[in-house]
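Nothing in this text is a laboratory measurement; each read-out follows from the coordinates by a stated rule. Not measured: the values here are computed from a predicted model. When we count neighbours, we look across all protein chains shown, and the Cβ atoms used for this are built from the backbone with ideal geometry, even at glycine.
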Ligand code: SF4
Ligand code: FES
């Protein structure tokens, strides 16, 4: 027998970016505690559809914590209160029968609400387009071990590369800053030899784009690190600061 | 875009200016506190310290102008960052909880900053821009702190300073990129220790003078 619970949901409903939006109350009944948060929303949406009402729009894709598409603010916490968890991996066993849950979209100037809980996070893609890549020449593939990378450095790069671009760092930052995301994307490349040739241009362009998109300024509140589902460390932000200042003051890049 | 304004005008550049000016103020606080401790040596010691300081002449003026410039940079940049951050989240959350990252210090930086700015103006008007021809600095200080209101204002300001420094000190290291697993725990501990030293070190002086009178 699986345990079931009943919940009251206060969900942000907004028809589109022009609509002002408001909270509506729904009742989620007989929710199995084995369900994920998104499955719980599916159940609510099924009922809404049967009742001829508009289902709640929310983003999702893999539902296994690797794609970065899901994410809402649940009771004031991005992806809910569990540590190192995406919303799709947040299970209903962390809630109690009779709980009231407030569900809001990620809020930032740079993330416009598309509908209800779905927000436009293409601003993060624009930061990547500004320099979050390495240029690779075509031709005969070189030997895989030609460039040596110490294990420790590879691990650090892999830690940074865990970022799934979900935007929870922006959502949880009191300043709506995208520094943790940008720092992870800069770090994963800056740490490796393949990323070095374009390091200066990358840091300058990505930070410049981040600023232009209307994200806030980092004030080292460290809420992002505490909330990130992939537990990306703020040491990456320090690395981004170094990369950026080095590029700004000492490189030939403008 | 000129490369200097481009680099310093970015979000990271502005933070760098906050960090460098902030570091200087930490240095200034330490020096100021060390000087103030001469008050425990009594009237002569304190007046002697003031006389030594003024004997520096033009050097002192240069230091004062430097501090004034840094203060302007710190305040104007801080204000720009604060307003920019308000703009970055036009719609606030209905329910907002901390994940445990923020501290009292980090969450109140703009507010403790404003308190400190108001205090510094008040403080300079009390002890700096006053006629000292027929009196000594010790008398001015002793006179001011015989008043409970003054003592209270100073204590509140020093608590604000301690809270501000508790975040500002380690945060400045992070901003200049000095986050290293070997040293960061130390910076964070020193940050708290320095905050306590500033709070108690400066905060107890008015109480001491008050009790003496
Ligand atoms: S740094 Fe963490 S919170 Fe931010 S986008 Fe990447 S995975 Fe999400
Ligand atoms: S749906 Fe892919 S991470 Fe949650």
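Report the equivalent ellipsoid semi-axes for segment A:122-250 in whole Å, largest first, defined as the square roots of five times the eigenvalues of the gyration tensor built from alpha carbon atoms.
25, 16, 13
For residue B:32 and residue A:6, FRET efficiency with R0 = 60 Å and r from the beta-carbon atoms, rounded to 0.05?
0.45
Just how many % of Cα pairs in the protein assembly as shown lie over 36 Å apart, if you round to the nearest whole percent?
Percent of Cα pairs beyond 36 Å in the protein assembly as shown: 42.
Does anyone have the angle between helix A:199-212 and the longest principal axis of chain A? Alpha-carbon axes, 0 to 90°, nearest 10?
Between the helix axis and the principal axis of chain A, the angle is about 40 degrees.
Summing -39500 (n - 2.57) over the DSSP H runs of n ≥ 4 in chain A and dividing by its residue number, what mean residue ellipticity at 222 nm do you reach, to the nearest 500 deg cm²/dmol?
Mean residue ellipticity, 222 nm, calculated: -10000 deg cm²/dmol.
Among rounded, prolate and oblate, which fits segment A:51-98 when a ≥ b ≥ c are the square roots of the eigenvalues of its C-alpha gyration tensor, a/c under 1.5 means rounded, and a/b larger than b/c means prolate?
In terms of gyration-tensor shape, oblate.
Over all directions, how big on average is the projection of the convex hull of the alpha-carbon atoms in chain A, in square nanometres?
Its Cα hull, projected and averaged over all orientations, spans 17.0 nm².
Partner chain Cβ atoms within 10 Å, averaged over the residues of A:174-182 - can you pull that number for me?
Across the residues of A:174-182, the mean count of other-chain Cβ atoms within 10 Å is 4.
Quick check on packing: order A:174-182, A:227-235 by the mean number of other C-beta atoms within 10 Å, highest mean leading.
A:174-182, A:227-235
Tell me, in nm to one decimal, what length is gained between residue A:82 and residue A:231 on full extension, where the rule is 0.36 nm per residue of separation less the Cα-Cα distance?
Full-extension gain reported as 52.5 nm.
How far is helix A:37-50 tilted, in degrees, relative to the longest principal axis of the Cα atoms in chain A, given as a value from 0 to 90 rounded to the nearest 10?
The angle comes out at about 50 degrees.
How shielded is A:238-251 by partner chains, expressed as the average number of their Cβ atoms within 10 Å of its Cβ atoms?
5
Which three extents, in whole angstrom, do the alpha-carbon atoms of segment B:78-122 cover along their principal axes, largest first?
So the three principal-axis extents are 38, 23, 15 Å.
Using the basic label-point model (7 angstrom from Cα toward the beta carbon), what is the residue A:148 to residue B:213 distance in nanometres?
7.1
Under Stokes-Einstein, with the Kirkwood radius over Cα pairs standing in for Rh, what whole-number D in µm²/s applies to segment A:100-183 at 25 °C and 0.890 mPa s?
Estimated via Stokes-Einstein, D reaches 155 µm²/s.
With r as the distance between the Cβ atoms of residue A:114 and residue A:43 and R0 = 35 Å, compute the FRET efficiency 1/(1 + (r/R0)^6) and round to 0.05.
0.95
How far apart, in nm, are the 7 Å Cα→Cβ label points at residue B:59 and residue B:130?
Roughly 2.7 nm, to one decimal.
For residue A:99 and residue A:32, FRET efficiency with R0 = 22 Å and r from the beta-carbon atoms, rounded to 0.05?
0.90
Over segment A:4-112, how many percent of alpha carbon pairs lie in each 5 Å bin up to the one with the longest distance?
So the P(r) values, bin by bin, are 2, 12, 22, 27, 21, 11, 4, 0.
Where does helix B:184-212 land angle-wise versus the long Cα axis of chain B, in degrees 0 to 90, nearest 10?
30
Obtain the radius of gyration and the Kirkwood radius of chain B from its C-alpha atoms and give Rg over Rh.
Checking Rg against Rh, the ratio lands at 1.01.
Could you put A:49, B:175, A:4 in order, starting from the residue whose Cβ has the fewest other Cβ atoms within 10 Å?
A:49, A:4, B:175
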